[in-house]
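What follows is one structure encoded as structure tokens, with my remarks underneath.
The values are calculated or read from the model by the stated rules, or taken from the named source; none is laboratory data. All figures in this text were calculated on a predicted structure; none of them were measured in a lab. Here the Cβ positions follow ideal geometry from the backbone for every residue, glycine too, while neighbour counts run over all protein chains shown. Heavy atoms of the whole protein, side chains included, go into the accessibility calculation; ligands, DNA and RNA do not. Shrake-Rupley method; radii C 1.70, N 1.55, O 1.52, S 1.80 Å.
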Amino acid sequence: MANCITKHIPNALTSSNLICGCIATAFAFGGCYEKALLFIILGAVFDFFDGMSARLLKVSSSIGKELDSLADDVTFGVAPSAMVFGVLYTHEYPIWLQGISFLLPYLAFVMAAFSAIRLAKFNLDERQTTSFIGVPTPANALFWGSLIVGCEDTMSLSPYMTLLTIAMVFVCSYLLVAEIPLFALKFKQWGWKGNEVKYVFIISSIPLLVIFGVAGIAVVISWYVILAVISNHYKLT
């Protein structure tokens, strides 16, 4: 009986992640961006523990792997895209784009498609066991969620800020699938040597979060990508 129950625990957690993604999407379409971000974060918590529980209970399965990708695309692909859609739908556009402004918000969902591609690549890419190739979907979702919650007023200051948002959608879509190695915050040992970049990232992220508040999450994720690129260029990892 116990084995029958425990084998379903990881999938139950993954399904909870999926439900959080659906709720986050509903809040995003309703313009409740703070609640949408909250459920994206909650989904990330479930996403963290479903894999951990599967390893601890030794009940990993191919069905669980596919379900995990589906849940992740909803929570970390569709939900943040819906938040961006809401911003693009309500903010102003330059006069010369007024004729097609009703179509432009749908460009936000390009990011959901690239999130699905990134998750599919992750499932097949054996290089990503201890690090990442391309920006992870949870990081991208948290970037957009925190940016919108923390900086929506700034994003609406000028019609050209809306164009910048669309440009950022395409940049982030590219970064999801780009062949850019990114370090994972996993420690094989706790010493400084070999973990220099990770410790620098963690220590420098604290003041960024304090200074920028909720938007600091977006700043930290941007800093993570920049630091990874620098460390790869100078072979620091």
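Classify the range 123-237 from the C-alpha gyration tensor, please: rounded if a/c falls under 1.5, else prolate or oblate depending on whether a/b exceeds b/c.
oblate
Computed extension gain for residue 196 through residue 48, at 0.36 nm per residue and net of the alpha carbon distance, reaches 50.8 nm.
Net charge around residue 110, counting only other residues with Cβ within less than 14 Å of its Cβ (Lys, Arg = +1; Asp, Glu = -1)? Surrounding charge for residue 110 is 0.
Please say if the range 1-154 is rounded, prolate or oblate, where rounded means a/c under 1.5 for a ≥ b ≥ c the square roots of the C-alpha gyration tensor eigenvalues, and otherwise the choice is prolate for a/b larger than b/c and oblate otherwise?
Judged from the Cα gyration tensor, the range 1-154 comes out prolate (a/c at least 1.5, a/b above b/c).
For the chain, the carbon plus sulfur part of the accessible surface works out to 72%, probe radius 1.4 Å. In the context of the full set of protein chains, the range 27-128 has a per residue accessible area of 54 Å² (1.4 Å probe).
Divide by every residue of the chain the summed helix terms, -39500 (n - 2.57) for each DSSP H run of at least 4, and state the resulting mean residue ellipticity at 222 nm, rounded to the nearest 500 deg cm²/dmol. Helix contribution divided over all residues of the chain: -23000 deg cm²/dmol.
Excluding ligands, DNA and RNA, the accessible surface per residue across the range 140-201 is 52 Å² with a 1.4 Å probe.
Compute the label zone of residue 177 within the range 98-128: residues whose backbone N is under 17 Å from the point 7 Å along Cα-to-Cβ. Of the residues in the range 98-128, 107-125 have backbone N under 17 Å from the label point off residue 177. Here the contact order of the range 32-186, divided by its residue count and restricted to Cα pairs under 8 Å and six or more residues apart, works out to 32 percent. Extension gain for residue 55-residue 106 works out to 14.5 nm (0.36 nm per residue, less the C-alpha to C-alpha distance).
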